[in-house]
Amino acid sequence: MQFLKKDRVGQTTTKARGDAGEDEAMAFLQAQGLRLLQRNYRTPGRGGGEIDLIMQCQDGTVVFVEVRKRSRADFGGAAATVGMHKQRRIVYAARHFLLTWRHLPPARFDVVSLEGREPQWLQAAFDAS
């Protein structure tokens with residue numbers, strides 16, 4: 001796992017914690033047989049979307065993964081923080097990513113929630129509608 005960067009007062013930065021969470025989620029998904037296609041995909045321009053991990057299942061399904069890490073499970077936990085606005089931005093970015101594909105593969109939107117000891121993998125957590 002990567003070294004967590006510290007800010008000036010010795011606290012771990014939010015970016016470093018997010019990157020470490022993405023590392024953990026990616027390792028978990030790869031152990032489940034998924035292959036990494038791209039990490040931290042961003043659409044060009046202002047106001048676009050961002051996708052933490054884009055993975056592919058052995059059957060060819062492209063999986064757009066949002067990774068959420070929380071130290072506490074209050075208010076529904078980490079997975080509950082992926083609201084409608086965030087979902088729309090992820091779907092927008094996924095559509096942009098797939099523009100370059102000649103043949104559209106099956107796709108789904110998953111969430112990996114990092115709370116406690118084991119990652120929680122919510123397959124097909126939301127859809128593009």
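Length gained on full extension, residue 98 to residue 61, computed as 0.36 nm times the residue gap minus the Cα-Cα distance: 12.1 nm.
Please report, in debye to the nearest 20, how large the charge dipole of region 34-126 is about its Cα centre when each Lys and Arg carries +1 at its beta carbon and each Asp and Glu carries -1 there.
320 debye
Sorted from fewest to most neighbouring beta carbons within 10 Å, what does the list 96, 85, 103 look like?
Values: 96 17, 85 8, 103 5.
Placing the least packed residue first, the sequence is 103, 85, 96.
Along its principal axes, region 34-126 has C-alpha extents of 43, 34, 19 angstrom, given from the largest down. Using θ = phi - 60° in the Karplus curve 6.51 cos²θ - 1.76 cosθ + 1.60, the 3J(HN,Hα) couplings for region 91-98 round to 4, 4, 5, 5, 4, 5, 4, 6 Hz; x is entered for Gly and Pro.
Since every read-out is calculated from the coordinates, none of them should be taken as a lab result. These figures come from a predicted structure and were not determined experimentally. Virtual Cβ from ideal backbone geometry, glycine too; neighbours counted across all protein chains shown.
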